[in-house]
Amino acid sequence: MFFELAQLVVNGLVAGTILAVPAIGFTAIYGVLRFPNFAVASHATIGAFAGYVANVNFGIPAWGAVAFAFLIAGLSGVLNDEFLLKPLRPTGPLTTAIASVALVIVLENVIRFFFGNDLRGYDLPIFRDWRIAEIRIGPQQVENIIIAIIAMAILFLFLTFTRMGKAMRAVADNPMLASIKGINADMVGRLVSFVGMGLAGLGGMLIGLDTSIDPLTGFRAILPIFAAAVVGGLGSIPGAVVGALTVGVGEELSIVVLGPEYRSVFGFLAILFVLLFRPRGLLGERAY
Amino acid sequence: MENYLIAMVTFAGIYGIMALGLNVIWGMAGMVNLGLVGFFAFGAYTTTLLTKDFGVPIGLGIAAAFVTTAIAGVVVALVTGRMRGDYLAIVTLGFSETVRITASNEIWLTNGTDGISGIPGPWRGEVSPETFNLIYLGIVAGFVLVVFLIMQRVRYAPLGRVLRGIRDDDQVVAVAGKNVIAIKAKAFALGAGVLGMAGAIYAHYTSYIAPDGFVPLITIYIVLSLTAGGTGSNLGAIVGAFLVVFFMESTRFLTAVVPGLEAVQQAALREFLIGASLIVILHLRPTGLFPERITRHEAPEPPASGAALKERSQP
């Protein structure tokens with residue numbers, strides 16, 4: 001029993017580390033642009049498919065293909081935001097959120113148009129799972145975790161030490177003060193769309209590396225992504241990491257209580273629970 | 001062709017009822033509901049279980065769908081009541097996904113992804129299918145009319161004014177001594193109830209429901225209907241629903257004439273067009289066909305002049 005639980009916790013930490021990547025993307029966009037951008041769902045799918053093309057059609061190994069997932073999803077994020085969502089922002093965050101849901105449908109169907117509905121798997125070398133004291137973990141999972149941690153470390157360094165990173169935090173913290181200090185909010189908005197959607201795409205590919213991908217890959221992940229962001233505190237980047245680990249482990253442990261079908265319902269319950277008892281999330285809404 | 005047209009008008013009517021339900025929540029009270037398909041599904045399953053498994057009369061099933069969905073709406077509204085609208089967007093979407101996952105997995109209750117068939121319909125089996133369709137069209141038209149009249153009444157009643165006040169600035173309403181959260185919950189309950197009722201009407205019409213029928217695309221249809229018709233306008237909600245059904249059906253013919261497309265590509269193209277048209281309308285004509293007319297009252301004449309005021313204030 002102990003080892004079974006430990007196995008579930010390990011699985012949860014693996015899933016949570018991967019989930020943290022798109023959750024950071026969602027929460028960072030929220031922090032700067034102040035609306036829930038549902039299009040993270042379709043950008044996770046775009047990233048997963050961009051990585052698929054790089055991996056299967058061009059033969060790039062998974063650890064290199066994730067760069068394509070990031071870049072293509074990031075570019076799509078900037079373009080869509082610039083031309084479709086940004087002009088709507090003056091009409092209010094909720095109208096923009098509605099447009100982003102429409103964007104999910106649009107982008108998902110662009111993918112479906114070219115790739116169809118079939119499940120696709122990445123071209124991965126097959127390894128036997130490692131066993132460490134009765135606990136199983138796959139080499140691919142370890143690679144995914146390492147990729148996720150590297151991505152988060154780069155983001156952390158970027159936000160802490162670069163001028164643009166600091167500008168981004170400043171706008172998230174206090175847009176008025178940031179504009180008085182001469183920070184170009186438009187530029188920061190583009191940057192956060194690129195980085196945020198790029199991370200969503202990277203996260204989508206990491207999720208796909210574990211199983212398989214289809215046009216709904218991103219949409220299926222949307223409840224856990226929201227849950228991670230809300231549990232940690234909407235707009236808070238460290239919060240998204242804490243939230244993602246909580247949701248990852250919680251989903252695995254909920255298997256014992258609710259059964260495997262309800263994994264994703266755990267995310268919804270976590271959102272309700274946190275909103276009832278700690279409306280600003282575990283770490284509050286400060287960006288960083 | 002006649003049967004096809006009758007079916008489409010019936011569907012447009014059901015969408016119209018849903019758009020009316022959304023209009024209370026989003027158009028009048030300014031609360032976003034991105035999971036309205038979840039409430040629709042909730043109502044559909046409620047009446048199905050009651051009428052098929054327990055032999056409850058259809059009318060009672062539809063009423064029960066209204067009540068249970070309204071209760072679900074109250075819960076959602078109260079949980080998110082004190083928070084900004086962003087949270088409501090997330091929670092409602094989560095709600096609809098949770099309903100769909102539950103319906104897919106609780107096989108003992110909902111028969112899982114296979115869905116439930118053989119849902120009773122009024123006089124189904126006793127009359128020819130054509131007559132049934134005509135009767136049902138009449139029933140749907142009746143519901144549309146009744147819901148429309150009730151919503152018009154709400155809109156011009158004190159409640160409607162308070163709702164628009166909450167939409168435009170809820171702090172002002174709170175300062176005026178209104179219990180904002182209770183009123184929001186009331187509006188959300190009414191809207192959710194109407195959505196659930198639409199679900200029940202849909203279930204008795206098609207006689208078959210499955211989780212696959214309750215995808216987020218339906219939410220987009222209804223939001224598109226209301227936006228195209230004019231957010232806040234009840235007439236706009238109904239007209240918008242008819243336009244959307246007409247548009248959707250014409251894309252069916254449109255994608256069929258594009259050569260060399262596979263079935264999945266045609267479906268993808270149609271869904272693409274639906275999503276794209278919502279984005280386009282939000283950009284080009286966000287107020288819709290019937291923009292909300294707000295009667296403004298002239299401010300009362302200022303007392304004589306500033307000088308007079310000054311004099312009076314002196315002791």
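No value in this document is a laboratory result; all are computed from the given coordinates. This structure is a prediction, so every number in the text was calculated from the model and none was measured. All Cβ positions, glycine included, derive from the backbone under ideal geometry; neighbour counts span all protein chains shown.
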**Request:** Provide the gained length on full extension for the span residue B:135 to residue B:75, in nm with one decimal, where the gain is 0.36 nm per separating residue minus the Cα-Cα distance.
**Result:** 18.0 nm
**Request:** Per residue of the range A:146-162, in order, report the coupling 6.51 cos²θ - 1.76 cosθ + 1.60 (Karplus, θ = phi - 60°) as ³J(HN,Hα) in whole Hz, putting x for Gly and Pro.
**Result:** 4, 4, 4, 5, 4, 4, 5, 5, 4, 4, 4, 4, 4, 6, 7, 10, 9
**Message:** Can you tell me the orientation of helix B:180-206 relative to chain B, as the angle in degrees between its alpha-carbon axis and the longest Cα principal axis, to the nearest 10?
**Reply:** 20 degrees
**Prompt:** In what sequence do A:66, B:245 fall when counting other Cβ within 10 Å, fewest first?
**Reply:** B:245, A:66
**Message:** I need A:107, A:155, B:88, A:199 ordered by Cβ neighbour count within 10 Å, fewest first.
**Reply:** A:155, A:107, B:88, A:199
**Request:** For a footprinting-style exposure proxy, rank A:43, B:204, B:283 by other Cβ within 10 Å, fewest first.
**Result:** B:283, B:204, A:43
**Complete:** Net charge (Lys, Arg +1; Asp, Glu -1) of residues whose beta-carbon lies under 11 Å from that of residue B:37, residue B:37 excluded, is 0
**Prompt:** ³J(HN,Hα) across the range A:122-129 via Karplus (A = 6.51, B = -1.76, C = 1.60, θ = phi - 60°), whole Hz, x for Gly/Pro?
**Reply:** 6, 8, 10, x, 9, 10, 7, 4
**Fill in**
Lys and Arg at +1, Asp and Glu at -1: neighbours of residue A:263 with Cβ under 11 Å from its Cβ sum to -2
**Message:** What do you get for the angle between helix B:36-48 and the principal long axis of chain B? Use alpha-carbon atoms, 0 to 90 degrees, nearest ten.
**Reply:** 50 degrees
**Prompt:** Does anyone have the angle between helix A:222-232 and the longest principal axis of chain A? Alpha-carbon axes, 0 to 90°, nearest 10?
**Reply:** 70 degrees
**Request:** Kindly count the pairs of lysines across the protein assembly as shown whose alpha carbons are less than 27 Å apart, treating pairs on different chains or eight or more residues apart as eligible.
**Result:** 4
**Prompt:** Roughly speaking, what is the stretch gain from residue A:256 to residue A:179, that is 0.36 nm per residue apart minus the C-alpha to C-alpha distance, in nm to one decimal?
**Reply:** 22.7 nm
**Request:** Can you pull the one-decimal nm distance between simple spin-label points at residue B:287 and residue B:301, each 7 Å off the Cα toward Cβ?
**Result:** 3.1 nm
**Fill in**
Site residue B:262, offset 7 angstrom along Cα→Cβ, radius 16 Å on amide nitrogen, limited to the range A:210-229, gives A:213-216
**Asked** Once the piece of chain linking residue A:63 and residue A:153 is laid out straight, how much longer is it, given 0.36 nm per residue of separation minus the C-alpha distance between them?
**Response** 30.8 nm
**Request:** Could you work out how far apart the two model spin labels at residue B:82 and residue A:7 are, taking each label as a point 7 Å from the Cα in the direction of the beta carbon, and quote it in nm?
**Result:** 4.3 nm
